[in-house]
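**Student:** Dumping the structure here so I can ask a few things about it.
The values are calculated or read from the model by the stated rules, or taken from the named source; none is laboratory data. Small disclaimer: the values here were computed from a predicted structure and weren't measured. Note: ideal-geometry Cβ built from the backbone for every residue, glycine included; neighbour counts use all protein chains shown.
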Amino acid sequence: MIDINLIREKPDYVKEALKKKMWDADFTELLAWDKSKRELMQVVENNKAEMNKLSASVPAAKKAGEDVSKIFVKVKDIAAKNAEFEKELKELEQKITDFVAALPNIPDDDLVGGGKENNKVIHTYGKKPEFSFKIKDHVELAESLGLVDYERGAKIAGRGAWIYTNLGARLEWALLNFFISEHLKDGYTFILPPHLLNEESGYVAGQFPKFRQDVFWLEGLEPQRFLLPTAETALVNYHRNEIMSEDELPKKYFAYTPCYRREAGSYRTEERGMIRGYQFDKVEMVQYTKPEDSDAAFEELVRKAANLVEKLGLHFQISKLAAGDISHSMARTYDIEVYIPSIGIYKEVSSASNARDYQARRGMVRYRDNETKKTRFVHTLNASGLATSRIFPAILEQYQQEDGSVLVPEVLQPFMGGIKVLKPIK
RNA sequence: GGAGAUUUACCCAAGUGGUUGAAGGGGUCGGUCUUGAAAACCGAUAGGGGGUGCAAGCCCCGCUAGGGUUCAAAUCCCUAAAUCUCCGCCA
């Protein structure tokens, strides 16, 4: 949520900034609402003060034997008038909240505007692998190595589902274990959150109201719950409505969860296999920081995610996203994209973002400043570390050998009982 | 699924309609005493949001949340949530 004070003070600045997100905002109506809201508020509050005063005088008047019924009438009279104003005020407040809550986050000043086409690769790691033989794609490899069963996946679950089998399951789990062990080494706290969350959590993360239709809602539970689309949703809500002490910050968490997404109709042939499904595994990192520390935390998260891919020995790049390509709640995002040889393009395996105080405002996540003793909103940041659904194919494709086998990245071997190579079973 | 109980400030807890901005503890902070500490004693400390104002201040809302009754509610009524206990069911 954008600070309404900022809109009040610098509407043109906010308007211009949101334009970079390809969001055309018109604040004239909002500012008018805001003005009348505050005027109404004064009237309503003054009336309340009057009523309070009158009511408080009743006991004394009674004691003095005065006729108090006149006071009652007077108060009722004010109350009747006030009721109308209050109703109007409530409506105004609702309109303002709805309007502001729908606004996306303000992108950082240094971002270029526009969409995907303006993303900029800022780092490239390793070299494009070269093959002296005809390469296979990950679907072919996963099948021939017996790692993934797509057919039975479709049989038992339908489209957009696959089954990790045997060594495939172990490779998947090894990846997760590898990520987990690295985050633990870095002092992050391990969280296993529930996968079913309430509506408020989606709102605070900034996914709702805009993306209510992009998640899976469950029947049969009141109040309704949805399957989390990313562990970020759970993690940024962990400290919702809390006031932390300054000394507790930064808070560093990571969580493993499957991520459930509708991905409505977004299949393209080049994306067959496990690049896109209704469910994928991801380890997610989240930090809560003081505002002045969030830039450094952002760098840390990007570096951590990059380190994981690097340790896996994969060729990848980091892109700084243009304002229009970063998600609704975020002020800044870098994507880490791993190279998929069969399609010759780079696919996102991690997205590192700084939400600044956008989520914290929605969730009232604050800390008390040691010096001023005042509460301030924290900054929240998140980064995948990592999603396996693209790393898994990238490993298969980048590590494939001429004989159809695939080498296991060294860092994963300890998590796979020392297996160094995956051999074709057919 | 059924029945009951609970929900007050950092923690425990009093409070069943009227100066309750909320008793009493504990804690925390400061002090006295002490070589230092403990103990004892003295003092301070009650959250959060908002309006207005240059400011001091004034005002509104705050006793889980949301409604309601009333001139007046922590106190009465309704709804919801969470916690606990018991019963049932069950992977």
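**Student:** If I go through the range A:101-113 residue by residue, how many of them are surrounded by fewer than 17 Cβ atoms within 10 Å (Cβ to Cβ) and modelled with pLDDT of 90 or more?
**Tutor:** So the count comes out to 4.
**Student:** Can you list residue pairs whose Cβ atoms sit under 9 Å apart, with the first residue in the range A:56-81 being closer than 24 Å to A:E45 by Cβ and assigned by TED's automatic domain parsing to the domain that holds A:V44 and the second being more than 7 Å from RNA strand B (Cβ to nearest atom) and not in a loop (DSSP other than H, G, I, E, B)? Count only pairs 6 or more apart in sequence or on different chains.
**Tutor:** Sorted first by the residue in the range A:56-81, then by its partner, the pairs are A:I71/A:A61; A:K74/A:E50; A:V75/A:E50; A:I78/A:N47; A:I78/A:E50; A:A79/A:N47; A:K81/A:N47.
**Student:** Going through the range A:226-255 one residue at a time, which ones are within 16 Å of RNA strand B (Cβ to nearest atom) and more than 30 Å from A:K374 (Cα to Cα)?
**Tutor:** Within the range A:226-255, A:F226 is the sole residue that qualifies.
**Student:** Here is a further query. For the range A:1-47, name all the residues that are within 11 Å of RNA strand B (Cβ to nearest atom) and not in a helix (DSSP H, G or I).
**Tutor:** A:D3
**Student:** Working only within the range A:321-345, note down all residues that are surrounded by 21 or more Cβ atoms within 10 Å (Cβ to Cβ) and part of a strand (DSSP E or B).
**Tutor:** A:R332, A:T333, A:Y334, A:D335, A:I336, A:E337, A:V338, A:Y339, A:I340
**Student:** For the range A:197-225, enumerate the residues that are within 14 Å of RNA strand B (Cβ to nearest atom) and surrounded by fewer than 17 Cβ atoms within 10 Å (Cβ to Cβ).
**Tutor:** A:N198, A:E199, A:E200, A:L218, A:E219, A:G220, A:L221, A:E222, A:P223, A:Q224, listed by residue number.
**Student:** Take the range A:301-313 and flag every residue that is closer than 18 Å to A:S181 by Cβ and touching a strand residue (DSSP E or B) at 6+ places or on another chain (Cβ under 8 Å).
**Tutor:** A:L301, A:K304, A:A305, A:A306, A:L308, A:V309, A:E310, listed by residue number.
**Student:** How many residues are away from RNA strand B (no atom under 16 Å from the Cβ), farther than 30 Å from A:R170 by Cβ and hydroxyl-bearing (S, T, Y) when one looks only at the range A:340-389?
**Tutor:** Final tally of qualifying residues: 2.
**Student:** Taking A:F392 as meeting all but one of (1) among the aromatic types (F, W, Y); (2) within 16 Å of RNA strand B (Cβ to nearest atom); (3) surrounded by 22 or more Cβ atoms within 10 Å (Cβ to Cβ), write down the number of the exception.
**Tutor:** Just one mismatch for A:F392, condition (2).
**Student:** Quick check on A:E182: is it among the charged types (D, E, K, R), assigned by TED's automatic domain parsing to the domain that holds A:I345, closer than 30 Å to A:R303 by Cβ and loosely packed, with under 14 Cβ neighbours inside 10 Å?
**Tutor:** Here the answer is no, as A:E182 does not meet what is asked.
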